[in-house]
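The structure appears right after this line, and notes come after that.
The values are calculated or read from the model by the stated rules, or taken from the named source; none is laboratory data. Because the structure is a prediction, the values reported are computed rather than measured. With ideal geometry, Cβ positions are generated from the backbone for all residues, glycine too; neighbour counts draw on all protein chains shown.
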Amino acid sequence: MDLSKELKKIKILLIDDDKWIRDSLVMYFEGEGWSLSVCETAEEGLEILRHADYQAVIADYLLPGMDGLEFFRRALEFHPGLLKILITAYGNEKIFAEAEVIGIETVIEKPFTVEILKQSLFQLLLDRDQPHDASTAG
């Protein structure tokens with residue numbers, strides 16, 4: 001599977017209040033031919049998801065108002081199939097444990113590189129496309 005080609009087929013939403021991160025990632029994603037929309041708050045992100053079909057969301061943990069964990073809790077109520085990445089500069093066991101309970105597949109600690117983000121998205125695409133056989137579990 002050509003993961004770069006697969007990434008061009010999905011819409012990704014980035015929620016981060018840091019303008020530099022938003023602008024940098026938009027430039028990188030556009031340069032790769034990938035679809036990335038951005039917003040500053042979790043509340044804006046929920047509104048966007050209610051009106052458009054996105055396959056992946058990258059959200060910062062610490063946002064004004066609602067944090068990234070609460071955003072994912074609410075978003076998954078009406079959009080359960082999202083590929084989910086949480087980014088945080090405040091990683092600790094409590095955040096990691098809560099992210100796992102919510103079903104966030106990947107947590108990336110700041111500072112991060114676009115290469116780490118790209119590899120995380122590629123891995124999520126691979127995992128999504130792997131057949132899951134419940135009869136072989138356990």
Self-check item: Subset of the stretch 15-45 that is of a type in the set (Gly, Ala, Ser) and buried (at least 18 other Cβ atoms within 10 Å of the Cβ) - its residue that is farthest from GLU70 (Cα to Cα)
Solution: GLY45
Quiz item: Applying the selection to the stretch 1-23, what residues are of a type outside the set (A, V, I, L, M, F, W, C), closer than 15 Å to ILE58 by Cβ and under 16 Å from the mean Cα position of the chain (by Cα)?
Solution: LYS11, ASP16, ASP17, ASP18, ARG22
Quiz prompt | Hits in the stretch 29-53 - residues which are under 17 Å from VAL114 (Cα atoms) and over 16 Å from the mean Cα position of the chain (by Cα) | solution = GLU30, GLY31, GLU32, GLY33
Quiz item: Is it true that some residue in the stretch 52-64 is more than 17 Å from ASP17 (Cα to Cα), free of Cβ contacts under 8 Å to residues at least 60 places away in the same chain and buried (at least 16 other Cβ atoms within 10 Å of the Cβ)?
Solution: yes
Exercise. Collect the residues in the stretch 67-113 that are surrounded by 15 or more Cβ atoms within 10 Å (Cβ to Cβ), small (Gly, Ala, Ser) and at pLDDT 95 or above, keeping them in residue-number order.
Key: GLY68, ALA75, ALA99
Quiz item: Being touching a residue at least 40 places away in the same chain (Cβ under 8 Å) and either of a type outside the set (Val, Ile, Thr) or over 16 Å from ILE10 (Cα atoms) (or both), is that true of even one residue in the stretch 105-112?
Solution: no
Quiz item: Being acidic (Asp, Glu) and at pLDDT below 95, is that true of even one residue in the stretch 34-51?
Solution: no
Exercise. Return yes or no: is LYS94 touching a residue at least 24 places away in the same chain (Cβ under 8 Å) and either basic (Lys, Arg) or on the phi > 0 side of the Ramachandran plot (or both)?
Key: no
Quiz prompt | Residue pairs meeting the criteria (Cβ under 8 Å; at least 6 apart or on separate chains; first at positive phi, in the stretch 67-82; second surrounded by fewer than 16 Cβ atoms within 10 Å (Cβ to Cβ) and not charged (D, E, K, R)) | solution = none
Quiz item: What single numbered condition from (1) of a type outside the set (Lys, Arg); (2) under 22 Å from GLU30 (Cα atoms); (3) at pLDDT below 90 fails to hold for ILE116?
Solution: (3)
